[in-house]
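The values are calculated or read from the model by the stated rules, or taken from the named source; none is laboratory data. None of the values given here were measured: they were computed from a predicted structure. So basically every Cβ, Gly included, is an ideal-geometry build from the backbone, and we count neighbours across all protein chains shown.
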Amino acid sequence: MNIGFSTSVVQRGRSGVAQYVFALLRALRAHAAEHRFTLFVLEEDRPLFGFAAETMDIVTVPERYRPPVADIAWHQTQLPALAARHGLDVLHVPSYRRMLWRAPCARVTTIHDLAAFHVAGKYDWARMFYGRVVARRLARQQDEIIAVSRTTAQDLGHYFQVDPSKVTVIANGLDHARFRPAPAGKAREWAQLRGFTQPFFLYVSRLEHPAKNHVRLIEAFNRFKQRTGSNWQLVLGGSDWHGAEAIHQCVERSPYAADIRRLGFVPDADLPRWYQAAGAMVYPSLFEGFGFPPLEAMACGCPVVSSARGALAETVGEAAAIVDPEDIDGMQWELERVATDGAWRATLRAVGLKHAANYHWDKTAAATLAIYARAVQAGALSRP
């Protein structure tokens, strides 16, 4: 097959969708001898795809198409012509915001979540309208849809009324060469060299309010500190996003602001180190279509406290301590339990490692290739 892949949604590598794109393409490289891959990459993003340069063709897209509206227009008006020019059999667009209305080849899309239907105020009005109305119509035009969780697949039926025969659940994977436990004491020493000398709770997520629920977590942490006098800190890793100012204000108003550390964007190379060094990962998101960070933390041997909203219940299973993300007192209680009960942390660490071992990108890549083949075959059968 000649497979095309649109990559413009990677947001310079700073999003969960970016991690999906990079990891899936790395796993697909193993199949480059059997299939041809053509990647459509924004000009300034080309260095991010250096890993694919020897096995996949890269077509550069001018930077003027990076802004969202321009990028959507490029997908609808120019990408179909490029697909024809490169003789593509199938084109994969890994985000519902860029799905194609028409194309000269089979169309496959990955839909990560339908958060616009679950979290009020998650996006501005234009993106909410696009996600609720325009994407709904585009989804029905696709030949095959990959949902990264059963929750997302169910939402596609409920909110988009997509034919269920077109939807396949393919869970994301994990890169176990990157995300694995560190030798005892080594990760802690790494953190101490960077000025983190106290045990800490870690939350890795873009600073997005209200969807990621930082404000309630900070209030729960305040109550934890007031009640226990513990030396544990709270470390927030992630770039500013919609509503970040509310999170920064909450930190600055906290009586324990000195114990709330903000890392900003965490480079990929450092991410496993932070998971390995943390006393526990806390992930109180109000909604997720999958949820990479809790699984990554588990694979690194980090105990996880998580919400069960959206797909998180199926992603973390029974391997995390589950909290109601809107119950601040309940969250505070679980922070206290994790910080003070070493046996509980050890239990979470053990069950987390076992659970994370079920996720592999090579399985995801193989299942994705099967969807490409099915889309191409269906297209061939439908032609006279």
May I ask you to list the residues in the stretch 342-375 that are of a type in the set (Val, Ile, Thr) and not assigned by TED's automatic domain parsing to the domain that holds ALA103?
THR347, VAL351
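Pick from the stretch 211-268 the residues that are assigned to a strand (DSSP E or B) and basic (Lys, Arg): which of them is farthest from GLU334 (Cα to Cα)?
ARG262
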Could you identify the single residue in LEU193, LEU236, LEU138 that is out of contact with any helix residue (DSSP H, G or I) (no Cβ under 6 Å at 6 or more places or on another chain) and not assigned by TED's automatic domain parsing to the domain that holds MET331?
LEU138
Applying the selection to the stretch 104-142, what residues are at pLDDT below 95 and either among the hydroxyl-bearing types (Ser, Thr, Tyr) or touching a Cys at 6+ places or on another chain (Cβ under 9 Å) (or both)?
TYR123, TYR130
If a residue has to be in contact (Cβ under 8 Å) with a residue 60 or more places away in the chain and either closer than 30 Å to VAL90 by Cβ or surrounded by fewer than 16 Cβ atoms within 10 Å (Cβ to Cβ) (or both) to count, how many in the stretch 332-356 make the cut?
1
Restrict the check to the stretch 107-122 and report whether at least one residue is assigned by TED's automatic domain parsing to the domain that holds ASP163 and more than 20 Å from the chain's Cα centre (by Cα).
yes
Of the residues in the stretch 175-202, those that are in contact (Cβ under 8 Å) with a residue 24 or more places away in the chain and farther than 30 Å from THR364 by Cβ come to ARG188, ALA191, PHE196, GLN198, PRO199, PHE200
Taking the residues in the stretch 243-268 that are surrounded by fewer than 17 Cβ atoms within 10 Å (Cβ to Cβ) and among the basic types (Lys, Arg) as candidates, determine which candidate is nearest to ARG188 (Cα to Cα).
ARG262
Take the stretch 304-331 and flag every residue that is under 22 Å from ARG227 (Cα atoms) and not hydrophobic (A, V, I, L, M, F, W, C).
SER306, ASP324, PRO325, GLU326, ASP327, ASP329, GLY330
Within the stretch 269-309, take every residue that is within 13 Å of the chain's Cα centre (by Cα) and charged (D, E, K, R) and give me the one that is surrounded by the fewest Cβ atoms within 10 Å (Cβ to Cβ).
GLU296
Can you say whether ALA182 is surrounded by fewer than 22 Cβ atoms within 10 Å (Cβ to Cβ), over 17 Å from the mean Cα position of the chain (by Cα) and assigned to a loop (DSSP other than H, G, I, E, B), as far as the supplied structure shows?
yes
Just the residues that are surrounded by 16 or more Cβ atoms within 10 Å (Cβ to Cβ) and at pLDDT 95 or above, please, taken from the stretch 77-98.
LEU79, PRO80, LEU82, ALA83, HIS86, LEU88, ASP89, VAL90, LEU91, HIS92, VAL93, PRO94
Condition set in a helix (DSSP H, G or I) and without any contact (Cβ under 8 Å) to a residue 60 or more places away in the chain, scope the stretch 297-312, selection farthest from PHE179 (Cα to Cα): answer is LEU312
For the stretch 31-69, what are the residues that are of a type in the set (Gly, Ala, Ser) and either surrounded by fewer than 13 Cβ atoms within 10 Å (Cβ to Cβ) or over 24 Å from the mean Cα position of the chain (by Cα) (or both)?
ALA32, ALA33, GLY50, ALA53
Which residues, counting only those in the stretch 49-71, are modelled with pLDDT of 95 or more, of a type in the set (A, V, I, L, M, F, W, C) and more than 21 Å from ASN2 (Cβ to Cβ)?
ALA70
